[in-house]
Each structure stands twice: as C-alpha cells, then as structure tokens.
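Asks: Right, I'll just put the structure down here and ask away after.
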Amino acid sequence: MAAGVPPDALGRRVSCGTDYGTVRYVGSVSRTAGIWLGVEWDDPQRGKHDGSYEGTQYFKCRHPKGGSFIRPNKANFGVDFLTAVKDRYGLNDKQDVQYGTGNTLVFGTKTVEFVGMDSVAEQQRQVQLNKLVDISVRECAVSHAGQEEEISRTCANMRHINLSKNLISSWETVIAIASQVQNLETLNVSENKMRFPSTSTSISSAFSNLKILALNQTEITWTEVLLCAQGWPVLEELYLSSNNITVLERPDTVLQTLKLLDLSDNQLLDGNQLHLIAQLPRLEQLILRNTGISSIHFPDAGFGCKTKMFPSLKRLAINDNKISQWSSINELDKLPSLRALQCNNNPFMDTEKNPETLIQLIIAKISQLEVLNNCEILPAERRGAELDYRKIFGKDWLEAGGHWNPEKNKPSEEFLAAHPRYPALCLKYGAPEEGELKGQQPLTLKNQLLTLTIKCPEKPEQKPVEKKLPESMTIQKVKGLLYRLLKIPGSELKLSYESSKLEGKEVELDNDLKPLQFYSIESGDCVLVRW
C-alpha cells in the first residue's frame, strides 16, 4: 500500500475539506502516475462521474455523478477517539503552552529546568480527562478507538458521548470505543455512514447500561437494528431518522425496554408496518414525522373499543404525512393510553377551512387526548368541542337511525364508521332531540368569519381597514392583531363597536377573555379603536 494510505483504506470513511465520502477504490488509474483513491461522496454535487474513467469502471456509485478520484494526501482518514477528546478539550501535549521544551518552564526571559515536569503535566491531564462525564467530539474526524484499554484508563467517568458526524466506518469501531466506557448511558453516532452486522454476532456487553442511542443518518436497516439490539438490554430511547427504512419486522425478543422510538424521515411502505412494532410493551412515544404513511388502522378493535396494540403509547407524532381521511383520526381513539398528538401538515386538515373547527373535531374524536399539536386541551375546551360535535352531527345521526329512545336507537354501520365516538357522547351528555337540533347551529364548529370595519376615531387621517375575523376570536387576540396592524401597544387599546341595529350607541368590548360572538357583533359592524 502506498505511503499515507492505511492498509484497510477500502471502505473507510474520509473527509476532504468539508466534504465526506467513502473510499471505494485504491490503486492506479490509466495514463496517470501514482496511487489514487476512488471516493463516493455523500454529496453527489462534489463528484464528477460514476466511478469510471476513460471507459474503465474502477468503482460503482449510487449516483451517476457521485464519485471522483483524489490523491491520498488530500484525504483525511481521521484520528483515534482519545486524540479527538484531548484536542476538543485542550488537553493534549501541544496545547500545554505554559511549558517550554523538555522539562523547562519559561518565566519571561528566564528558562528554569524542572525535573519530572513532563510526568506532572501528564498527571494533570489525566485528572482532567477523568473528570469528564459528558463528552462531545462531533465533527472531530474520529475514525477508530485507538490503543486497547487507553480510553478506559483515561476517561473512566464518561456517561454521555456525542460521536456524530465523524469518520466511523463500522459498528465494530463503536463497540471498541463503548466497551471501554463502563457506565455509558447516552450515545449519539448519527451522521456516520457505517457498516452494520448483517448476521447474528456474539453479543457485546459494551452497551449494558445504555439508555439513549441516536443512529440518525447512518444507513442502518431495520433488520440490522434488530441484530444489534441484542446488545442493548436496557435501551429506552432509539433515534433512527433519515435511514431509508421502508419495512419493519417484529422485535420479538429485543427492544422490550424501549420507551421512545423515532422513525421520522423514513419512507415506510405503508401504515400497516406499524402493526409489526405494535407489541412493544413499554413504548410511550412514537415519532413518525414524514414517513409517507397515508392511513392508520387497528383491525383488532371495533367501533368504540380499545386496541391491544401499542398498550403504553402516550405520545404520537404523525405530522408531515399523507393522511387524507378522518377515519385514521377515528382510529387513534382506539389507543388506550394516547394523551398527546402531533398531526399538522396532513391532507385531512385541508378539509376544514377554519383552524378552530379543525382542532375541535380532533378533540371530539379522540377521548383521552390532553395535548394537541403542543397545545394543552383544557377541560372547558373539550366539553365545548364534544357538545358541538354531538349537536352538529345530530341530524346525520337521526337520519342514520339514531334515536333518543335506547330501544329505537339503531344508527347505521356507515354512520358509526364515520363517527365512532358519537354513542359515547350521547351517553356522556344525553342524546340530542329533534327540537334541540332545529335551533341555531353551534357557534364554534360552524364558526363564521365576520367582515368588520376597523376605525380609529382619534386619528381621522388613518383610513378605515376592512378585516375578516372569526367570531370565536377573543378580544385579547383581536387587540394583538390590531397592535400588529396599527403598530400600537395592545395593552393600551380600548375597543368598542357600532352597529346599524344600534343607531347612535357604542358597545364596549371590555372583557379580553370573551369572543366577538359574546357581544352579538355581526358582519358589517364597525370596530372603534382608541388608545
């Protein structure tokens, strides 16, 4: 092997400036002198070709322009873990600037010799390294563990290590580092494109205390996750975003202690893949952001029943997906422990123009939900949403065979499929009667937009502005809007309104917590702003 090229260079991760890649070829290239490295770059824009040159294919790339040749002296093959730690924390020999050469110490222009100064400095470094508990060597070009047992002798108290975006080429390197850290609890090796075991190997005790593991952007497959997981006996949080994981398998004997699983930015084959991980007994949080799922279904439970799947799941994130049907939201009510949901940026949310109506529908459909899109659901908000839901779909319920008399109450399967919580809401608040449903539509669920004119009587030079506001908007929120619109402090505003129905009379909007509809304000009315 040429000078400067490690004997195991093939398959190694390298960096060149700010670019990262994998060595796919080591050797000569036709009509050129010397040794070249054929590199497949992580960013295809860095490359020039697909690994071929003048008709000869030297190596293969996933991208037609993802490869190029570089000289070995341009490639950084990285450093060992401990060197990176010392460099990052200023504890290496080069940075002991207070010492002169050899065993001397410089005082101004005088150089004083101290016997054994090197060993004293080394002892001090050793003490400082041993104090480190939380270590980050992100982007420090770490590629290997270094000398055997050197880490355990030097950094005995490490518990949390960030090894993300380095030059680690294989999972064996991670094991070699972790096996020397007795009490390792948190490990982040994200953004290292590495090789993982493809067959069952002897189980290492390196991760016997590991609670949190991040493997984002490492190109690991779910099969490889399950093979490695045999060595993660107490793991509680596993982050696997952006790994091209498309299919899942049942983790029958592994990951049984897992409380959080992040699969975001992996394009899963379909929503049914979730059934394969549904029996994880302790899973409390599942992050499925941007996984391409278009539907969710728990076939083991009927209308109004709870599923046996995901028995401990409290928090679910399904934002940025392709869920277009409300039936998937209905299905979430089957989860027995669900308390928090994130579901923004899904097509089903475009079916309602009014965002408040949308929120109320979700709240009414999922009985135990306490937090929606990071906002707490207050008891009064739930009650209002459920009463409005019961009322707005009451007519459909009656037409589908529903009746306030239990003996005659036989709503159709079609209605129950669309509104599986409706019978429970009738039990909770009583069944709606025909007379009740003939009254006005519920205020919030059929929320109207009011077209209002905004005037500033004390500033006649300021032209009136026309705004469309939801009638459920509180006075406090109206003031906030006017503050931005008129560039005046919201706390100082005094609002009132005039109506053609109340000639010559102003009605003060004096309670910040009340909605516009509380004051019987209507489209065409004029809001007066003073400060």
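Asks: With θ taken as phi - 60° and the coefficients 6.51, -1.76 and 1.60, list the Karplus ³J(HN,Hα) couplings across region 56-62 in order, rounded to whole Hz; mark glycine and proline as x.
Replies: So the J values, rounded to whole Hz, are 9, 8, 8, 7, 10, 10, 6.
Asks: With a 1.4 Å probe and all protein chains left in place, how much of the accessible area of the chain comes from carbon and sulfur atoms, in whole percent? Please list the in-between numbers first.
Replies: Numbers: 13640 of 27530 Å².
Exposed carbon and sulfur together represent 50 percent of the surface.
Asks: Arrange the peptides 420-429, 388-397 so that the one whose residues have, on average, the most other Cβ atoms within 10 Å appears first.
Replies: On the way: 420-429: 17.7, 388-397: 20.5.
Packing proxy ranking, top to bottom: 388-397, 420-429.
Asks: Under a straight-distance cross-link criterion of Cα-Cα below 19 Å, which lysines are reachable from Lys501, leaving out those fewer than 8 residues away in the same chain?
Replies: The qualifying lysines are Lys455.
Asks: Let me ask something else about it. What 222 nm value per residue comes from the helices of the chain, counting each DSSP H run with n ≥ 4 as -39,500 (n - 2.57) and dividing by all residues, nearest 500 deg cm²/dmol? Spell out each step's value before the answer.
Replies: Numbers: 13 runs with 111 residues, N = 531.
Result for the chain, helices only: -6000 deg cm²/dmol.
Asks: Please calculate how many Å² of accessible area region 133-380 carries per residue, with a 1.4 Å probe and no DNA, RNA or ligand atoms counted. Please report the intermediate quantities before stating the final value.
Replies: On the way: 10520 Å² over 248 residues.
Accessible surface, normalised per residue, equals 42 Å².
Asks: Just to confirm, what accessible area per residue do you get for region 449-530 at 1.4 Å probe, in whole Å²? Could you put the intermediate results ahead of the total?
Replies: Numbers: 5050 Å² over 82 residues.
That works out to 62 Å² for each residue.
Asks: Report ³J(HN,Hα) in whole Hz for each residue of region 253-260, in order, from the Karplus equation J = 6.51 cos²θ - 1.76 cosθ + 1.60 where θ = phi - 60°; Gly and Pro get x.
Replies: For region 253-260, the Karplus curve yields 10, 10, 6, 6, 9, 5, 10, 9 Hz.
Asks: Counting only heavy atoms of the protein chains, get the accessible area per residue of region 381-436 (1.4 Å probe) and round it to a whole Å² value. Before the final figure, lay out each step's value.
Replies: Details: 3200 Å² over 56 residues.
Each residue of region 381-436 exposes 57 Å² on average to a 1.4 Å probe.
Asks: Taking the mean number of other Cβ atoms within 10 Å as a proxy for protection, how do you rank 81-87, 32-38 from highest to lowest?
Replies: Values: 81-87: 21.9, 32-38: 16.4.
Those peptides, ordered most packed to least, come out 81-87, 32-38.
Asks: Same structure, new question: Arranged from highest to lowest average of other beta-carbon atoms within 10 Å per residue, in what order do the peptides 481-487, 154-160 appear?
Replies: On the way: 481-487: 13.9, 154-160: 18.6.
Most protected by this proxy first, the peptides run 154-160, 481-487.
Asks: Could I ask something else about it? Among the listed pairs Lys322/Lys479; Lys322/Lys514; Lys306/Lys477; Lys306/Lys391, which are separated by more than 27 Å between their Cα atoms? Walk me through the numbers before you get to the answer.
Replies: Numbers: Lys322/Lys479 36 Å; Lys322/Lys514 36 Å; Lys306/Lys477 39 Å; Lys306/Lys391 25 Å.
Check vs 27 Å cut-off fails for Lys322/Lys479; Lys322/Lys514; Lys306/Lys477.
Asks: Still on this structure, I have one more. Pull up all non-local amide H partners of Thr291: gap of 5 or more, or a different chain, and H-to-H distance under 5 Å with H placed in the peptide plane.
Replies: Hits under the 5 Å cutoff: Asp265.
Asks: Which of (1) 1.36; (2) 1.05; (3) 1.21 is the computed Cα Rg over 2.2 N^0.38 Å for the structure on display?
Replies: Answer by label: (1).
Asks: Here is a further query. Can you list the aspartates and glutamates whose alpha carbon sits under 13 Å from that of Lys211, skipping same-chain ones fewer than 8 residues off?
Replies: Output for Lys211: Glu185, Glu236, Glu237.
Asks: How large is ³J(HN,Hα) for each residue in region 299-313, as worked out from phi by the Karplus curve 6.51 cos²θ - 1.76 cosθ + 1.60 (θ = phi - 60°), to whole Hz, x for Gly and Pro?
Replies: x, 7, 10, x, 4, x, 10, 9, 7, 8, 6, 6, x, 10, 5
Asks: Another question about this same structure. Tell me, what are the semi-axes, in whole angstrom and largest first, of the equivalent ellipsoid of region 381-436 as set by the roots of 5 times the Cα gyration tensor eigenvalues?
Replies: Values: eigenvalues 56, 31, 20 Å².
Whole-Å semi-axes of the equivalent ellipsoid: 17, 13, 10.
The values are calculated or read from the model by the stated rules, or taken from the named source; none is laboratory data. Given the structure is predicted, the values throughout are model-derived calculations rather than measurements. Reconstructed Cβ throughout: ideal geometry from the backbone, glycine too, with neighbour counts over all protein chains shown. To get the accessible areas, we keep the full protein, side chains included, count just its heavy atoms, and leave off ligands, DNA and RNA. Shrake-Rupley method; radii C 1.70, N 1.55, O 1.52, S 1.80 Å.
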